[in-house]
Amino acid sequence: MQDDTLTGTDSSVDISTKENLEKLCQIGDKLLKKPVSKVNLGNGMFEPIENGETNQEALKRYIMVINSMVIFMVNNKIVELFLNKKM
């Protein structure tokens, strides 16, 4: 996710005051509610993708995919260790 509209201290993660960190959390919450977008290479502008999915929905879907992959890899490693175990 990216937001090119941020300016000043809003665009900096280097300013670690409580006030700025709270503002960054608010900005993050707003970004999660925005539609997923991509850069139009013709004009350099961000444009929403056609499926209408929000950033939050896309992140949840991505986490589910990664989680499934990790479970698959762990299960395969357990099977591999079991099959290679000397009896």
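Please tell me if Ile71 is within 13 Å of the chain's Cα centre (by Cα) and assigned to a helix (DSSP H, G or I).
Here the answer is no, as Ile71 does not meet what is asked.
The set of residues in the range 14-54 that are part of a loop (DSSP other than H, G, I, E, B), charged (D, E, K, R) and surrounded by fewer than 14 Cβ atoms within 10 Å (Cβ to Cβ) comprises Asp14, Glu50. Just give me the residues in the range 52-87 being closer than 30 Å to Lys38 by Cα and among the polar types (S, T, N, Q), in sequence order. Result: Thr54, Asn55, Gln56, Asn67, Ser68. For the residues Met1, Met64, Met69, Met73, the requirement of being in contact (Cβ under 8 Å) with a residue 40 or more places away in the chain and aliphatic (A, V, I, L, M) singles out Met1.
Quick check, is Glu57 surrounded by 10 or more Cβ atoms within 10 Å (Cβ to Cβ) and in a strand (DSSP E or B)? For Glu57, the condition - surrounded by 10 or more Cβ atoms within 10 Å (Cβ to Cβ) and in a strand (DSSP E or B) - is not met. Ser11 passes every criterion in (1) surrounded by 10 or more Cβ atoms within 10 Å (Cβ to Cβ); (2) at pLDDT below 90; (3) more than 19 Å from the chain's Cα centre (by Cα) apart from (3). The condition (being modelled with pLDDT of 85 or more and exposed (fewer than 13 other Cβ atoms within 10 Å of the Cβ)) is satisfied by just one residue among Asn84, Asn75: Asn75.
The values are calculated or read from the model by the stated rules, or taken from the named source; none is laboratory data. Treat the numbers as computed from the prediction; the structure is a model and nothing was measured. FYI the Cβ positions are ideal-geometry reconstructions off the backbone, even for glycines, and counts take in every protein chain you see.
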